[in-house]
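No value in this document is a laboratory result; all are computed from the given coordinates. Treat the numbers as computed from the prediction; the structure is a model and nothing was measured. Backbone-built Cβ (ideal geometry, glycine too); neighbour counts: all protein chains shown.
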Amino acid sequence: MGTLVPILVLGAIAAAFALVSAAMGSLLGPSRRNQAKLEAYECGIEPVPPPAMPGRGRFSVKYYLTAMLFIIFGVEIVFLYPWAVHFDELGLFGLAAMGLFLVNVSVAYVYEWRRGGLSWD
């Protein structure tokens, strides 16, 4: 427990700093709202395509959802690397833990696949 105390203290300091920074920014920052600030911003492209440029519209939400799914599953698969490096040291417990992890990831993947989240139409 003595070796975990510095890590817990550092985590508490980081969480406190994040919360205080967010609170101070919202309390002390200017809050002048106008129509331009409330509009959606897409990299300088107008949210509604002008009639002269028919091909420059908004991105579909499906594009962002698919990108987020690939990021989430990619990050989950990165957890396989430390397991593979220390496979022989972990023994049966490590094998069971990784088996449960892979079942969890596979269930989520099959759920998204059956729901149609990975089809691009």
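Based on the Cβ-Cβ distance from T3 to R114, what FRET efficiency comes out when R0 is 41 Å, to the nearest 0.05? If you can, show how the numbers build up before the last one.
Numbers: r = 45 Å, r/R0 = 1.09.
With R0 = 41 Å, the Cβ-Cβ based efficiency is 0.40.
Provide the packing ranking of 96-106, 23-33, i.e. peptides ordered by the mean count of other C-beta atoms within 10 Å per residue, highest first.
Result, highest mean Cβ count within 10 Å first: 96-106, 23-33.
According to the square roots a ≥ b ≥ c of the eigenvalues of the Cα gyration tensor, what is the shape class of the range 59-115, taking rounded for a/c under 1.5, prolate for a/b larger than b/c otherwise, and oblate for the remainder? The partial results should precede the final answer.
Numbers: a/c = 6.41, a/b = 2.25, b/c = 2.85.
Oblate, because a/c is 1.5 or more while a/b does not exceed b/c.
Which order do the peptides 80-90, 66-76 come out in when sorted by mean C-beta neighbours inside 10 angstrom, highest first? Could the numbers behind the result be given before it?
Values: 80-90: 10.5, 66-76: 12.3.
Output ranking for 80-90, 66-76: 66-76, 80-90.
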